[in-house]
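These notes concern the structure reproduced below.
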């Protein structure tokens, strides 16, 4: 009898222990840090701090994430208003928005409200990219995997509209009508934010609501990204500080713009917890933290499958919003995306084989220093994957030559304009005709150089985009162009004055007359 009681007691104790084990809450982030070796995490910390110093990055936050959330996170520096950066500091993520947008589109596909092979013109009747025939062949699938035939330059036609009264996505469609296609849809791959701006317009047409509302309801809130930024209103509510851009090699907090309709291609953001929540969702293969299915296995597969071009089947390395592979080992199997808006940069690397991800956000970007600024994410991801970070710093030669070269040209032309103005006020000095022609021609050519470059940039990017992305180079170029026009005008004025002076000297009434000699042999 006593033995039987002991058996019952042992059984009850065992059942209690099993119940406690099964019902135990998930371990905390601190308890799960053994999934990424501590020495590796310390190495990432050290590497990131070194890169911040090398690039002058004012503020940065990053996290290593598993399926349950962050297992390691750090934040350093200051935001654009001088406040310390923490895990709760909001940033913009740039094109890391694209896999988030693709997720929002796939929720409509899963609900049967949108088809991957739906023609874009069926949702956007004014879509005329490449003419009626080309436009009628572009599908939602082509937009998602960047094979619609839109060139990279199409981004500047529709993106980065920072004014308060910018048109909605559907109202920007007409700007693509005169863009020349790279080829038939599905034949050429070209990465451009224009594809994802068009996806926002399609979503608004299908749902009848602003894209930001659908994004928040379909992805952000279910994924636990409750502090995410998707429009100007949420940016103001989160008190998003200005981002930093390089001004003559020094970061300055001057980037304070927001495309109110740009969440689909780049103007999505939030704090470190928000970006980590999206990474964790992906590591759970599209399931929310409470086990609900946000993205089906088929959607996840399609999003992470590199598109194939036709004919031939050449791989593009791009799925639905994700870059697939394309990096050297140990990141050759990574699913990833990086992005930037003026003043901000974001990065997300999924390592499915290890069940880990790395997310990083920083409040600095420079278009002409993109490689140097973005290396921090690639190097950190390589360390996390078990590799070594790049040993050499990326070259800043492009930035240095462009910015300082244009600045030197501007100073030269300003000095030349001052000297030319002084020469105009002085009396004309005698100059040989060949020297005059050579000197005037040389200054006209020098003065025309920045004017020509400015005209090309205005045609390719437009003034607002150039000022947003390369403020120092564009400002210097504008000054150089103004000084160049002034030099050309003054030098031509000097040449005209000289020619007039020479002509007046040769006029018949002004020629000196020879004295008439007295006749010889005159009578006394």
Can you tell which of 462, 439, 405, 447 is at positive phi, surrounded by 12 or more Cβ atoms within 10 Å (Cβ to Cβ) and out of contact with any strand residue (DSSP E or B) (no Cβ under 6 Å at 6 or more places or on another chain)? 462
Cβ pairs under 9 Å, 6+ apart or interchain, first in the stretch 228-248 and in the same structural domain as residue 90 (by TED's automatic domain parsing) and under 19 Å from residue 165 (Cα atoms), second modelled with pLDDT under 95 and surrounded by fewer than 22 Cβ atoms within 10 Å (Cβ to Cβ), ordered by first then second residue, are 232/164
Out of (1) without any contact (Cβ under 8 Å) to a residue 24 or more places away in the chain; (2) over 30 Å from residue 341 (Cα atoms); (3) out of contact with any helix residue (DSSP H, G or I) (no Cβ under 7 Å at 6 or more places or on another chain), the one residue 401 does not meet is (2)
Could you grab me the full set of residues in the stretch 332-369 that are farther than 20 Å from residue 235 by Cβ and out of contact with any strand residue (DSSP E or B) (no Cβ under 7 Å at 6 or more places or on another chain)? 332, 333, 353, 354, 367, 368
For the stretch 94-108, state whether one or more residues are surrounded by fewer than 20 Cβ atoms within 10 Å (Cβ to Cβ) and touching a helix residue (DSSP H, G or I) at 6+ places or on another chain (Cβ under 9 Å). yes
Do you know which residues across the stretch 286-302 are assigned to a loop (DSSP other than H, G, I, E, B) and surrounded by fewer than 17 Cβ atoms within 10 Å (Cβ to Cβ)? 289, 290, 291, 292, 296
Within the bounds of the stretch 72-79, is there any residue that is without any contact (Cβ under 8 Å) to a residue 60 or more places away in the chain, surrounded by 22 or more Cβ atoms within 10 Å (Cβ to Cβ) and not in a loop (DSSP other than H, G, I, E, B)? yes
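Here's the yes/no breakdown for (1) surrounded by fewer than 19 Cβ atoms within 10 Å (Cβ to Cβ); (2) modelled with pLDDT of 95 or more; (3) more than 26 Å from residue 450 (Cα to Cα):
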{"residue": "370", "(1), (2), (3)": "yes, yes, no"}
{"residue": "378", "(1), (2), (3)": "no, yes, yes"}
{"residue": "386", "(1), (2), (3)": "yes, yes, yes"}
{"residue": "393", "(1), (2), (3)": "yes, no, yes"}
{"residue": "415", "(1), (2), (3)": "yes, yes, no"}
{"residue": "418", "(1), (2), (3)": "yes, yes, no"}
{"residue": "427", "(1), (2), (3)": "yes, no, yes"}
{"residue": "433", "(1), (2), (3)": "yes, no, yes"}
Going residue by residue through the stretch 155-167, is there one that turns out to be modelled with pLDDT of 95 or more and more than 20 Å from the chain's Cα centre (by Cα)? yes
Only one residue in 414, 445, 449 is touching a helix residue (DSSP H, G or I) at 6+ places or on another chain (Cβ under 6 Å) and either part of a helix (DSSP H, G or I) or touching a residue at least 40 places away in the same chain (Cβ under 8 Å) (or both), so which one is that? 414
Report the residue count in the stretch 173-191 for those that are touching a helix residue (DSSP H, G or I) at 6+ places or on another chain (Cβ under 6 Å) and free of Cβ contacts under 8 Å to residues at least 40 places away in the same chain. 1
Mind listing whichever residues of the stretch 500-524 are modelled with pLDDT of 80 or more and in contact with a helix residue (DSSP H, G or I) (Cβ under 8 Å, 6 or more places away or on another chain)? none
Among residues belonging to the stretch 305-331 that are in contact with a strand residue (DSSP E or B) (Cβ under 8 Å, 6 or more places away or on another chain) and under 22 Å from residue 70 (Cβ atoms), point out the one that is surrounded by the most Cβ atoms within 10 Å (Cβ to Cβ). 322
Yes or no: the stretch 92-115 includes at least one residue that is outside any loop (DSSP other than H, G, I, E, B), in the same structural domain as residue 158 (by TED's automatic domain parsing) and free of Cβ contacts under 8 Å to residues at least 12 places away in the same chain. no
Selection count, the stretch 249-281, where residues are outside any strand (DSSP E or B) and either out of contact with any helix residue (DSSP H, G or I) (no Cβ under 6 Å at 6 or more places or on another chain) or outside the structural domain of residue 98 (by TED's automatic domain parsing) (or both): 17
From 204, 213, which residue is in contact with a helix residue (DSSP H, G or I) (Cβ under 7 Å, 6 or more places away or on another chain), closer than 23 Å to residue 112 by Cβ and free of Cβ contacts under 8 Å to residues at least 40 places away in the same chain? 204
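The values are calculated or read from the model by the stated rules, or taken from the named source; none is laboratory data. What you see is a predicted model, and the numbers here were worked out from it, not measured in a lab. Neighbour counts are summed over all protein chains in view; Cβ atoms, including those assigned to glycine, are modelled from backbone coordinates with ideal geometry.
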